[in-house]
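Following: one structure in structure tokens, then a few remarks.
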Amino acid sequence: MLTSQFLTYVAFFVLSAIALIGAFLAVTLRNLVRAALGLILSFMGVAGIYFVLEAEFVAIVQVIIYIGAISVLILFAIMLTRGLMTSAASTQNSQWIGAAFVGMLMFAVLFFVAITTNWPLAQPHTISDLIPRLGADLVTTYLLPFEAVSLLLLAALIGAIVIARE
Amino acid sequence: MPILVPDINLRIIAPALIVTVTAIVVLLGELVTPAERKRWLGYLSIAGLVVAAFAAFSLWGANASGFSGMVVADNFGLFLTLTIALSAALSILLSIPFIHAHEIDQGEYYVLLLASVAGMIVMATATDLIVIFLGLELLSLPLYILAAFQREDTRSLEAGIKYFLLGAFSSAFFLYGIALVFGATGTTNLAKIAASLAQSAGSPMLSIGVGLLMVGFAFKVALVPFHWWTPDVYDGAPTTVTAFMSVAVKAAAFGAFFRTFQFALPALALDWRAVAAVLAVLTMTLGNVAALLQSNVKRMLAYSSIAHAGYILIALVAMSANGLSSALFYLLAYTVTNLGAFGAVIALSDGARERLEIKDFAGAAREHPLVALALTICLLSLAGFPPFAGFVGKFLIFGAAVETGWAWLAVIGVLNSLVSVYFYLRPVVQMYMSEPAEGWSGIRVAPLVALALLIAVISVIALGVFPAPAIALAAGGLIR
Amino acid sequence: MPIDYLPILVMVVVVVAFAAIALTLSSLTGPRHPTAAKLEPYESGMPPFGSARRRISIKYYLTAVLFILFDIEIIFFYPWAVLFRQLKLFGLVEMGVFVLILLIGYVYVWRKGGFNWD
């Protein structure tokens, strides 16, 4: 049991490191295509953390939507913009000090929350009873948000056509 | 595993449902309507909004909740629904000639506007943070596109991108806030959050979560210091879209803001009332002072809308039944007044060439006396002069603040109103005192714009002279 | 339990190790006689032409956006499909409404020529 817990910790720290390194590359690399690849690395680390947290469905969604689809969209968006493809503009502008300050403040606040909260432990479960529960909630308790999502997707669809039509 | 039967109550979401169905019909209509008949899609949209308003009215006093406590049809939400439907209908009246003149008359314009209205109604009647969030997204996403709808105009595209980036950013804050509140209370339902907080003390996680929720709302209603996007977006977006979002987004977002804070979080009132009071002072003051410096009418009205968000926030600080009803009345008064002001600005434009600098208004009173009079009435109402709607609204809000011991806040509000008189009167002075500028000849006011303007001005006067019925409707808004 | 993923971890380690060892060994032991033709990028046997940093058509963007939207739709299918039989008729009707709204979007995109390449 001790080794299991130990391995979980190791997995968490390795995956966190992957997510952080990816995020760091995404914001510091000057070549946007490489920055996007850094972002994908970060997505992968986050997906792994979801697995460690036993949120398997969210982890799979992360892989399918973010790594599978959104990354492709970001790369396409870079490649269809003439200026962005080859630009090596600086990733810092005059506001970086303010942004860094706000970012650090946000981190300090959330860090404070993380260490002062008495985190309750979730009941042990397996993926095979989690997903049916999600499905049942989706069409009963969360029916209204569920249908609202389809309307949101429809609006996004129309928006994509309006914006990208030639 | 037993499966519950869903708690379906289509009647209480009838207004949102009707707007959604109208949007879908208009979308399909767009596919079969020839280019010269696109205006009929606009008329169809208005018809849908009128039916939705009747549905909301028929639900008056129902006080029913449904969909497992996700939405409620109480008078508070229904009043906002009516306000939102009115603002959308007036905006479409202004839009039909406007988008024709600017050669962007596509049915998608109305579809996106209606989708946004559906999101607003959902947000104003939601009693669960998840549904509030989805309403927020559903109202915002179409507006990002509408802001960029003049695709030939780089400023419109800039407005769309800025609005999208900052909107997405604020959504992230809001969502993080929901997550932390859920972590602290174990639920996203407003009633259950209130029940949970009545029993247990707060925690740092809860406070930070509530703070992030406030940041999310503050972005949407443009409170200082989360207002930076407003002038650029309002300035760059098509004028009719600016008119619509300056009023309707406020109604929806303030509705959810009040419901979340006053109903679900009274346990933390000591903290958030103080923060909201500071935000209200900053917002009113900065909005009015910045509006003094503008030479462009759209930017002036953008800063003015920031200032008005500050006044409405005073009603939240008051946290009383009177505060709630005064906010509802104020939102309605602001809706008709601001749409009237934008309508007059659109009426004075020359086809696709808009007259947006204040100095361009010189001599308008001689060429278009009625439009100039309408604009004057609306600007006086915005400044808070009696006997117009804006005066009653301010009177009620400041009264609610004094009643609950926030007299100093009311004093700052009154001082701000005095400052605002100066910039609201500047276009009036230009119109009446200056010699006519060039290019006035041959401008015809489109009949639909004239109609919208007439409805707005009559409402401004009616709400100012006979406010009692509207106040009575707003006072029935039992929050739950 | 996260420990259940141990076999996957082992597989990841083996795969990475195999790739690393195979590449290192072949680069260490293989003969190396570079010529201009050998150093060209491999494009399925075609002679490479043009810059790789060309600007691509905006049509790809539309395709990618449509892909994301329908991808998200499918995600919502999954937990529903797992429980399909127990959800009886109401589950079917609810998913029907969900799909219908997106189907209208599909018809719209189709009629607007969103799927046409030319």
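The values are calculated or read from the model by the stated rules, or taken from the named source; none is laboratory data. Nothing here was measured: the structure is a model prediction, and the numbers come from that model. Positions of Cβ are backbone-derived with ideal geometry, glycine not excepted, and every protein chain shown enters the neighbour counts.
Structural remarks
- Looking at B:L44, B:L59, B:L49, just one residue is surrounded by fewer than 23 Cβ atoms within 10 Å (Cβ to Cβ), away from chain C (no Cβ under 14 Å) and at pLDDT 95 or above, and that residue is B:L44.
- Of the candidates A:A156, A:A148, A:A164, the single residue that is surrounded by 13 or more Cβ atoms within 10 Å (Cβ to Cβ), farther than 21 Å from B:A118 by Cα and at the interface with another protein chain (Cβ under 9 Å from one of its Cβ atoms) is A:A164.
Condition check ((1) at pLDDT 85 or above; (2) closer than 14 Å to C:L9 by Cβ; (3) more than 10 Å from chain C (Cβ to nearest Cβ)) across all residues:
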site	(1), (2), (3)
A:S4	no, yes, no
A:L7	no, yes, no
A:V10	yes, yes, no
A:L15	yes, yes, yes
A:L20	yes, no, yes
A:A23	yes, no, yes
A:R34	yes, no, yes
A:L37	yes, no, yes
A:S42	yes, no, yes
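- Checked against (1) at pLDDT 85 or above; (2) facing another protein chain (nearest Cβ under 8 Å); (3) farther than 30 Å from A:I161 by Cβ, C:E73 passes all but condition (3).
- B:R299 vs. criteria at pLDDT below 95, under 30 Å from B:G69 (Cα atoms) and assigned to a helix (DSSP H, G or I): no
- Per-region count, region B:96-123, residues over 25 Å from B:R355 (Cβ atoms) and either free of Cβ contacts under 8 Å to residues at least 12 places away in the same chain or under 20 Å from the mean Cα position of the chain (by Cα) (or both): 13
- Within region A:104-125, the set of residues being within 14 Å of chain C (Cβ to nearest Cβ) and either surrounded by 21 or more Cβ atoms within 10 Å (Cβ to Cβ) or under 23 Å from the mean Cα position of the chain (by Cα) (or both) comprises just one member, A:A122.
- Condition met for B:L134 (assigned to a helix (DSSP H, G or I) and modelled with pLDDT of 95 or more): yes
- Complete set of residues in region A:126-145 that are closer than 16 Å to C:F77 by Cβ, touching a residue at least 24 places away in the same chain (Cβ under 8 Å) and either more than 23 Å from the chain's Cα centre (by Cα) or more than 7 Å from chain C (Cβ to nearest Cβ) (or both): none
- Of all residues in region A:86-111, those that are modelled with pLDDT under 85 and β-branched (V, I, T) total 2.
- Here the condition is being within 23 Å of B:I8 (Cα to Cα), touching a Gly at 6+ places or on another chain (Cβ under 9 Å), buried (at least 24 other Cβ atoms within 10 Å of the Cβ) and within 14 Å of another protein chain (Cβ to nearest Cβ); of B:I121, B:I145, it holds for B:I121 alone.
- Some residue of region B:344-367 being in a helix (DSSP H, G or I) and closer than 30 Å to B:G202 by Cα: no
- All of B:M205, B:M284 fail the test of being assigned to a helix (DSSP H, G or I), on the phi < 0 side of the Ramachandran plot and crowded, with 24+ Cβ neighbours inside 10 Å, apart from B:M284.
- The requirement of being among the small types (G, A, S), more than 7 Å from chain C (Cβ to nearest Cβ), buried (at least 17 other Cβ atoms within 10 Å of the Cβ) and within 27 Å of B:A126 (Cβ to Cβ) is not satisfied by A:G48.
- Meets criteria (loosely packed, with under 14 Cβ neighbours inside 10 Å and at pLDDT 90 or above) for B:L31: yes
- Selection of helices (runs of 4 or more DSSP H) fully inside region A:90-166 by the criterion of at least 3 residues being over 30 Å from C:I101 (Cα atoms) and in contact with a helix residue (DSSP H, G or I) (Cβ under 9 Å, 6 or more places away or on another chain) returns A:96-116.
- For region B:1-59, a residue qualifies if it is of a type in the set (S, T, Y) and either in contact with a Phe, Trp or Tyr (Cβ under 8 Å, 6 or more places away or on another chain) or under 23 Å from B:P447 (Cα atoms) (or both), and the qualifying residues are B:T33, B:Y43, B:S45.
- Sub-7 Å Cβ pairs linking a first residue in region B:452-475 that is touching a residue at least 40 places away in the same chain (Cβ under 8 Å) to a second residue that is assigned to a helix (DSSP H, G or I) and among the aromatic types (F, W, Y), at least 6 apart or interchain, are B:G464/B:F391; B:A470/B:F329; B:I471/B:F329; B:L473/B:F79; B:A474/B:F79; B:A474/B:F329, ordered by first then second residue.
- Taken over region B:167-190, the criterion of being assigned to a helix (DSSP H, G or I), at the interface with another protein chain (Cβ under 10 Å from one of its Cβ atoms) and either surrounded by fewer than 22 Cβ atoms within 10 Å (Cβ to Cβ) or touching a strand residue (DSSP E or B) at 6+ places or on another chain (Cβ under 6 Å) (or both) is satisfied by B:F173, B:Y176, B:G183.
- Residue list for region C:93-118, filter: part of a helix (DSSP H, G or I), hydrophobic (A, V, I, L, M, F, W, C) and more than 21 Å from B:L10 (Cβ to Cβ): C:V107, C:V109, C:W110
- Listed by position, the helices (runs of 4 or more DSSP H) enclosed by region A:1-70 that each have at least 1 residues that are farther than 26 Å from C:P79 by Cβ are A:2-28, A:32-52.
- B:G160 vs. criteria at the interface with chain A (Cβ under 10 Å from one of its Cβ atoms), surrounded by 23 or more Cβ atoms within 10 Å (Cβ to Cβ), more than 29 Å from B:K192 (Cβ to Cβ) and out of contact with any strand residue (DSSP E or B) (no Cβ under 6 Å at 6 or more places or on another chain): yes
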